[in-house]
1. Please work out which residue is nearest to the chain's Cα centre (by Cα), limiting yourself to region 335-368 and to residues that are outside any helix (DSSP H, G or I) and within 29 Å of Ile163 (Cα to Cα).
2. Of these, Gly564, Gly530, Gly602, which one is in contact with a Cys (Cβ under 8 Å, 6 or more places away or on another chain) and either aliphatic (A, V, I, L, M) or outside the structural domain of Pro58 (by TED's automatic domain parsing) (or both)?
3. Restricting to region 491-525, name every residue that is in a helix (DSSP H, G or I), of a type in the set (Ser, Thr, Tyr) and either crowded, with 18+ Cβ neighbours inside 10 Å or at pLDDT 95 or above (or both).
4. Lys269 - would you say it is crowded, with 19+ Cβ neighbours inside 10 Å, at pLDDT 95 or above and of a type in the set (D, E, K, R)?
5. Among the residues of region 29-43, is there at least one that is free of Cβ contacts under 8 Å to residues at least 60 places away in the same chain, farther than 20 Å from Leu198 by Cα, over 24 Å from the mean Cα position of the chain (by Cα) and not assigned by TED's automatic domain parsing to the domain that holds Tyr493?
6. With a cut-off of at least 2 residues that are in contact with a strand residue (DSSP E or B) (Cβ under 7 Å, 6 or more places away or on another chain), name the helices (runs of 4 or more DSSP H) lying wholly within region 1-103.
7. For region 567-577, does any single residue satisfy the condition of being out of contact with any His (no Cβ under 7 Å at 6 or more places or on another chain) and within 30 Å of Leu37 (Cα to Cα)?
8. Suppose we filter Ala339, Ala285, Ala317, Ala352 for residues that are surrounded by fewer than 21 Cβ atoms within 10 Å (Cβ to Cβ) and under 27 Å from Leu448 (Cβ atoms); which single one remains?
Amino acid sequence: MKGYFGKFLKIDLTGGQAEDLLIHEDDRKMFIGGSTLAASIIYNYVKPKMDPLAPENPIVFATGPFVGSNIPMVSRAAICGVSPATGIWGEATTGGKFPLRLKATGYDGILITGRAEKPVYVYVKDGHAQIRDAAHLWGTGDFYETQEKIKAEVDDRASAACIGAGGEKQIHFASIMNDEGRAAGRCGMGALMGSKNLKAVVVSGNEKTEVADREGLKALVTEARDSIGSNAYTNAYRLYGTNFYMDLAMRLGDVPAKYFTRSVFPASKVHGPAFRSRYRMSGSACSGCPIGCGRVVLDFTERIPRVDGPEYETVAAFGPLCMNFDIDTVVMANHLCNAYGIDTISAGVSIAFAMYLYEKGTLTREQAGMEIRWGDGATLLKLIDLMIKQEGIGALLSKGVREMAKQLGADPEAAAHVKGLEIPMHDPRAYQGAALAYAVGPRGACHLKGAFYSLDAPGTEVGLDVGISFTDKNNPDQKGAFAAKVLSFCEIYNSLTLCQFSPLRVSLIAKILSAITGENFAAMDLLSFGERSLNLKRAINNILGVTRKDDTLPGIVRTPLSEGATAGIAPALEMMLKEFYAVCDWDWDTGKPTKKKLLELGLSRAARDLYK
C-alpha cells in the first residue's frame, strides 16, 4: 500500500532510546491509520484498572494515508492513549501545520512510552530523533512562549506540540497545543504528556510518501476542491468560523444554556457577527485548507494584541452555559486556556457546574472562597486562573464534574458527563441520535464521534450514500440503527486523517483512498473500517471496565426543558440503546461486542481476551 512509510518511531523515555516500529501491511489494511491504527498499538499495553498516568501507559501521535497528499483538509493528527480524564480510551485531534510536518519526518506516527527522569522534549527531523533537555522550558507555562523558544533552538519551520502549566501539573483535562492555537483538547492528553516529563514533541522534515495513481489523484483533488467550494457552509465558516452556527443552534435547541437547564438566550450577543462587530478579526487555516475556519482576534488588548479563536464550542461553554454574555470575557477565557493548555469544553462545564451548585446551596461561599454567580465574567476568569495555578476551589474544578459531585456531595445525576468526559456544547435533547452517540461513544460524551448536529440537521445533504435514511431529528424511531452507521462513519475521519468539516461524499473519499494506496476501496469498505475501529475501541474500554451500565446519560440532560425547540422532549435512551446493541451485535448483559462480531471484523485477539 502506498501513502505510508510503514513505520512509527518508538521512543522509550525511561531508557532514553529510540527505534523504528515497523507497521505490517496487513495492519495498515485492517486499521488504515490515525486513531484506529493507534488503538491497535495501544491495545498491546492496556490492562484492567491501569493507572493512566503510569509510565507504561503510552501516548501515540498518528497520521493517516491522506496526510501529505494534495487533498484539501487533511492536515490532521490523532493523539491517543488511556485518558487521564476518564480512565478509558482517549483520543484528541489537532490541525495546523503539525500533522503535515509529523508525516514529513519519514514516519506515520510516534509511539512514546516510559517516563523521563527530568523534563525533556523530543525532536524528530527527516527520520532522526533526539531526546533533548527541557528543564529550561518546564515552568514557563505559556504555550506561545514555549513554542518560540523551541523554534529558536531547532528550526523555524518545525512544529511543536507542547504542554503548558495544565499538562505539567497533570490537570485532568489538560490539552496539547501546537502552531497558531490549535488544540488537541479533549481527554487530558496533555496530562499524559506531563506524567512522562515530556514538554513537547517537535517535528520537521521533507520526506514524502509515494502515491499509487498520481494522475488520478490530481483529478480527485480538483473534484474535492469543487465540492468544498460549492458547499453551503463554506462561506459561513470563512466569515464567522464555527461560531456561525450559534444562531441556528439556538433555534434548534442545540446550545446548552445555564448549565443544561435552559435553551433560550440572547444569541445575538455571542454569535459570529457580534465578534466581527466588536473586534478586528482575521481567519486562519490549517495547511492545505481552502476554508480557514480558525479565528484570530487582533488588537485585543495592549498586553495581549493577538488571541487565537474562540470557536463555537468555547463561546458556548464560557458564554450561554455560564449565562455570560460579555464577549471580552469569553475571548480572554479562551486565551488563558490556550496559553496554559486546558480544554475549554471541560473547563467551561466545570465552571458552569460550580455556578449551578452555588445557586443550589450545595457549594457555599466558605467552600468556594468567593461568590460564584451566573454571568459573572470576572469570577469566571478568576476560576480559570485558580484551576491553572491549582489553588483554592480551582484545584477541585480542574478534576471535572464527576469528581466535583463526589467531593461536594452533590447529586451525581447533576454532573454533566458521560464516562467522565464533560458533555460538549450540543444538547442531547436537540437530536435523539446525539443522545445515543454520547452514551455509547468510545471516549464518552463526544460531539465528533456522532455528529448529528451536522448529519441529521434539517435540510442537510452530507452525501452518506451508504443506505442511511434521514429521519426527524426528534424521532427516536430507528435512531439506534442510524447511530450505528453514523458512529462507524465518523470513525473514518480520524483514521485517514481527514477534517470532520470536510463535505466530501463517502464515495469520493473511497476513490481518494484507492488512488493514494493502490488498493481498490468502495464506500461500504469504509464503513467496515469504521465498524472495526468502533469495536476495537469498545474492546479496549471493556478491558478497562466499561459495561452496559456505563452507556447512559445523567439526569441533568435527560430532564425535558420547558422552553425552546426541545420543550417537553427527553431522549428515549433505553429504546435506542436496545436497537443500537442489536444492530452492532453487542451483548446486552455485558456491553461487550459478541465474540462472533469481533471475529467477523478480524479482531481475534480481542475476541480471545474478552471471552477467556
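1. Among them, the one singled out is Asp343.
2. Details: Gly564 fails: in contact with a Cys (Cβ under 8 Å, 6 or more places away or on another chain); Gly602 fails: in contact with a Cys (Cβ under 8 Å, 6 or more places away or on another chain).
Criteria check complete, one pass: Gly530.
3. Correct list: Tyr493, Ser495, Ser514, Thr517.
4. In short, no.
5. No, there is no match, as no residue in region 29-43 is free of Cβ contacts under 8 Å to residues at least 60 places away in the same chain, farther than 20 Å from Leu198 by Cα, over 24 Å from the mean Cα position of the chain (by Cα) and not assigned by TED's automatic domain parsing to the domain that holds Tyr493.
6. 34-42, 98-103
7. yes
8. Selected residue: Ala285, the only one of Ala339, Ala285, Ala317, Ala352 that is surrounded by fewer than 21 Cβ atoms within 10 Å (Cβ to Cβ) and under 27 Å from Leu448 (Cβ atoms).
The values are calculated or read from the model by the stated rules, or taken from the named source; none is laboratory data. Because the structure is a prediction, the values reported are computed rather than measured. Virtual Cβ from ideal backbone geometry, glycine too; neighbours counted across all protein chains shown.
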